[in-house]
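One structure below.
Please treat every number below as a calculation from the coordinates, not as lab data. This structure is a prediction, so every number in the text was calculated from the model and none was measured. Note that each Cβ is placed from the backbone with ideal geometry, even for glycine, and that neighbours are counted across all protein chains shown.
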């Protein structure tokens with residue numbers, strides 16, 4: 001009887017260890033995240049955003065006029081995003097990506113992939 | 001120089017008319033919004049064809065695009081709310097002021113044209129923002145119309161800043 005109990009305990013402990021190992025493995029291979037930047041009132045919100053390589057950024061235009069999200073270093077260009085439309089991109093390379101609206105020079109944003 | 005100050009005085013007086021009016025209804029506000037956009041579209045179209053300055057041309061193109069977009073939404077909302085834009089003293093003087101501005105601009109070219117156009121754009125956007133704050137937004141009865149006016153305001157502010165930036169580069 002005592003021997004049987006010990007066996008069950010060992011099995012349980014072993015399976016727990018497997019679960020823990022699997023969980024930490026999943027943490028290392030981090031799942032990519034999708035971030036949303038909302039355009040309203042002639043502004044990007046949030047105006048600055050830090051993301052990880054592999055993450056997706058979606059620019060959603062909730063403003064009354066069309067806008068763009070255009071990298072000032074020519075790394076990306078949404079071209080025209082009409083009102084109620086969006087544009088997205090996956091960022092793989094680390095770095096700083098300042099961007100602006102090519103129609104409205106007062107609109108500026110900044111993205112950091114770190 | 002003289003022409004643009006005349007145009008500026010014209011804008012001031014027409015919005016003074018709005019401010020002086022006791023009550024303004026949503027149909028009149030709709031007409032003022034549509035006319036205000038239309039006037040700037042007309043000036044923008046002229047500047048697109050008549051200016052030789054790339055910055056001014058680009059700005060003019062943006063005015064045509066943005067104000068056309070705003071008008072589309074204003075008309076869509078008026079249709080949805082079954083509001084027929086109602087002509088009034090303000091919309092009529094806006095139209096008259098716009099026609100006068102375009103007529104005087106047509107007689108100019110080169111740097112003089114650019115300066116007169118941009119000076120007028122600065123004054124026009126400043127006055128529209130003022131009218132939005134003092135008369136149109138507080139006066140709007142329908143919540144959706146009020147929300148649209150609030151949503152439009154930042155575009156006028158960005159246009160004003162853009163025009164002021166160009167103004168500072170023109171001699």
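Okay, residues lined up against (1) under 20 Å from residue A:52 (Cβ atoms); (2) within 12 Å of chain B (Cβ to nearest Cβ); (3) over 17 Å from the mean Cα position of the chain (by Cα); (4) not in a loop (DSSP other than H, G, I, E, B):
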site	(1), (2), (3), (4)
A:83	no, yes, yes, no
A:89	yes, no, no, yes
A:93	yes, no, no, no
A:110	yes, no, no, yes
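Within region B:78-85, is there a residue that is assigned to a helix (DSSP H, G or I), within 23 Å of residue B:164 (Cα to Cα) and touching a residue at least 12 places away in the same chain (Cβ under 8 Å)? No, region B:78-85 contains no residue that is assigned to a helix (DSSP H, G or I), within 23 Å of residue B:164 (Cα to Cα) and touching a residue at least 12 places away in the same chain (Cβ under 8 Å). Every listed requirement among (1) more than 28 Å from residue B:53 (Cβ to Cβ); (2) within 11 Å of chain A (Cβ to nearest Cβ) is met by residue B:162 save one, (1). Residues in region B:129-159 that are in contact (Cβ under 8 Å) with a residue 60 or more places away in the chain, buried (at least 18 other Cβ atoms within 10 Å of the Cβ) and either within 14 Å of another protein chain (Cβ to nearest Cβ) or more than 21 Å from residue B:43 (Cβ to Cβ) (or both): B:135, B:139, B:140, B:145, B:148, B:149, B:152, B:155, B:159.
Does region A:53-71 contain at least one residue that is touching a strand residue (DSSP E or B) at 6+ places or on another chain (Cβ under 8 Å), free of Cβ contacts under 8 Å to residues at least 24 places away in the same chain and surrounded by 12 or more Cβ atoms within 10 Å (Cβ to Cβ)? Taking every residue of region A:53-71 in turn, none turns out to be touching a strand residue (DSSP E or B) at 6+ places or on another chain (Cβ under 8 Å), free of Cβ contacts under 8 Å to residues at least 24 places away in the same chain and surrounded by 12 or more Cβ atoms within 10 Å (Cβ to Cβ).
Here residue B:55 does not qualify as crowded, with 18+ Cβ neighbours inside 10 Å and assigned to a helix (DSSP H, G or I). For residues that are assigned to a strand (DSSP E or B), surrounded by 23 or more Cβ atoms within 10 Å (Cβ to Cβ) and either in contact (Cβ under 8 Å) with a residue 60 or more places away in the chain or within 12 Å of another protein chain (Cβ to nearest Cβ) (or both), tally how many sit in region A:98-108. Final tally of qualifying residues: 0.
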